[in-house]
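The values are calculated or read from the model by the stated rules, or taken from the named source; none is laboratory data. Just so you know, these numbers come straight off a predicted model, no measurement behind them. Here the Cβ is made from the backbone with ideal geometry for all residues, glycine too, and neighbour counts use every protein chain on show.
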Amino acid sequence: MTNQSLIATLPEIVGAAHVLRNADDIASYLSDWRGRYTGQALCVVRPGSTAETARVVSACAAAGVGIVPQGGNTGLVGGATPCSSAGHPNGEVLVSLTRMNRIRAIDPDNNTMTVESGCILQRVQEAAAAAGRLFPLSLAAEGTATIGGNLSTNAGGVQVLRYGSMRDLTLGMEVVLADGRIWNGLRGLRKDNTGYDLKQLFIGAEGTLGLITAAVLKLYPLPRSKATAWAAVADPAAAVVLLSRLHETCGERINAFEIIGDPALQLVLQHIPGARNPLAQMHAWQVLLELTDANDSIDLGEMLEPILSEEAATGRLLDAVIAQNETQAHAFWNLRENIAEAQKREGISIKHDVSVPVSRIAEFIQRADVALIQLQPGVRIVCFGHIGDGNLHYNLSKPSLLENEAFIAGQAEVNRLVHDLVHELGGSISAEHGLGQLKREEILRYKSPIEMDMMRAVKAALDPRGLMNQGKLL
């Protein structure tokens, strides 16, 4: 099959309205959310079912044309964006799965729900809540990010501390393989000891092994009581101590524990309408923490107050406020969740999505700050993230546009400094965003040759012709 015959065949599979070729119609699919990557595609195809997806993949395979899967296109490393030049040599078809947005089943007694990959995360959360259950994955892009994208990047978000990432939240999966066959692994089992756990191959694979079309997700009891607090701490080390105190006292009730540096908060206050500092004055470091419980008779605020008071007596905690209602708690979370949007309005930055052991968070921040200021005087360090699970978003830029252009041009040197330190501390250069186009070469410095060989062997076994999302991850 030639490219021309492929283009003629695709409308017969999904309908002419769902094969987009006009430059204006496909432009939004070809660029990433940050505006950093723009690629090319023969067309955009929007299948409406697993069967249609399988036929699209089969047709592309027959033509020897590459496939780029895309969900909500909210990724930060170019993983869902076609490559400008390093994609498949025969061209690529972008397969948008957003029409596959059905919630197939909810089983409250089994605490599972089966959803298609194009479901928006927020809709999944709302459907679970309507059934009296919680789907706990929560992140800033939840209003546009899709479950398929969440699975393909092993999304984490703010509640990994308690519930884990998508690897922990997924029981079963349906996948269209690179040759068009459909693997139905939609089992809602917590025990299944019958060989390789194949779904784990596709979680975090960034669409390089197959197209995820549906998944069975874990559900949990809805929280009935909650305490949300915004607290200023003396430094990141004090934040880690506070986290340890909460673990000792509150156990699994710790739902989230986020750290926000002053530059990150300043950007939100400057760029997001209605944002205001919860405390009377600005501080260098603050944490946003939340406790929840399924038992509504427990007053979590009363549980939290003495811990905060004791930490204040030591000088490690400088000020704090516990939300008095849901509106105030929501305002706290808006400050945290709008950091990426506020920074985007300032222009491009060098972003690092890194993880280190929680015990080494403070050391990483101190050493990285000193080294970067020496390397690039005047650098603005926007540091925030999920300190509870060791994941920091460590973003760098220069305040003026002219300076920032030159700074971004020197990204390789900055990345090497940050990533080498992360590696030295036993961490990872990608905690939750993935590798995509951004880090596919960089990872070769930090993964052993044996690890890379094993990953390539999996790719060769499941996608021997290299059709799936070429130029990403590997």
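Looking at the range 310-390, what strands (runs of 3 or more DSSP E) fall wholly within it and have at least 2 residues that are under 22 Å from A231 (Cβ atoms)? Outline the logic, then answer.
Details: elements: 317-322, 353-355, 380-386.
The qualifying strands (runs of 3 or more DSSP E) are 317-322, 380-386.
In the range 130-142, the residues that are under 23 Å from I254 (Cβ atoms) form Cβ pairs under 6 Å with partners that are among the aliphatic types (A, V, I, L, M) and at pLDDT below 95, at six or more places apart or across chains, as follows: S138/V158; A140/A340.
Sort through D168, D179 and tell me the only one that's assigned to a loop (DSSP other than H, G, I, E, B), on the phi < 0 side of the Ramachandran plot, surrounded by fewer than 22 Cβ atoms within 10 Å (Cβ to Cβ) and at pLDDT 95 or above. So that I can check it myself, show each step before the final result.
Numbers: D168 fails: assigned to a loop (DSSP other than H, G, I, E, B).
Checking each option against the conditions leaves just D179.
Residues in the range 121-135 that are assigned to a loop (DSSP other than H, G, I, E, B) and either under 12 Å from I103 (Cα atoms) or within 22 Å of the chain's Cα centre (by Cα) (or both): F135 alone. Of the residues in the range 422-430, at least one is within 15 Å of L76 (Cα to Cα), of a type in the set (V, I, T), within 22 Å of the chain's Cα centre (by Cα) and not assigned by TED's automatic domain parsing to the domain that holds D262.
Name the residues in the range 239-268 that are over 18 Å from L396 (Cβ atoms) and free of Cβ contacts under 8 Å to residues at least 40 places away in the same chain, would you? Give the steps one after another, and end with the answer.
First, the residues of the range 239-268 that are over 18 Å from L396 (Cβ atoms): 239-258.
Listed by number, the residues that qualify are S244, H247, E248, G251.
Annotation: A27 fulfils all but one of (1) under 25 Å from I408 (Cβ atoms); (2) part of a helix (DSSP H, G or I); (3) touching a Lys or Arg at 6+ places or on another chain (Cβ under 6 Å); the unmet one is (3).
Residues checked against (1) surrounded by fewer than 18 Cβ atoms within 10 Å (Cβ to Cβ); (2) of a type in the set (G, A, S); (3) more than 25 Å from the chain's Cα centre (by Cα):
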position: V233; (1), (2), (3): no, no, yes
position: L243; (1), (2), (3): no, no, no
position: R253; (1), (2), (3): no, no, no
position: I272; (1), (2), (3): yes, no, no
position: E290; (1), (2), (3): no, no, no
position: Q328; (1), (2), (3): yes, no, yes
position: F332; (1), (2), (3): no, no, no
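Looking across the range 240-284, just one residue is assigned to a helix (DSSP H, G or I), touching a helix residue (DSSP H, G or I) at 6+ places or on another chain (Cβ under 6 Å) and of a type in the set (G, A, S), and that is A264. Note on the range 400-474: enclosed helices (runs of 4 or more DSSP H) holding 2 or more residues that are over 30 Å from V358 (Cβ atoms) are 401-409, 449-462. Among the residues in the range 271-291, are any closer than 18 Å to A323 by Cβ, among the acidic types (D, E) and not assigned by TED's automatic domain parsing to the domain that holds P136? Yes; the residues of the range 271-291 include at least one that is closer than 18 Å to A323 by Cβ, among the acidic types (D, E) and not assigned by TED's automatic domain parsing to the domain that holds P136.
Kindly establish whether R162 is in contact with a Lys or Arg (Cβ under 9 Å, 6 or more places away or on another chain), in the same structural domain as L186 (by TED's automatic domain parsing) and either among the acidic types (D, E) or assigned to a helix (DSSP H, G or I) (or both). Taking the combined requirement at face value, the residue satisfies it.
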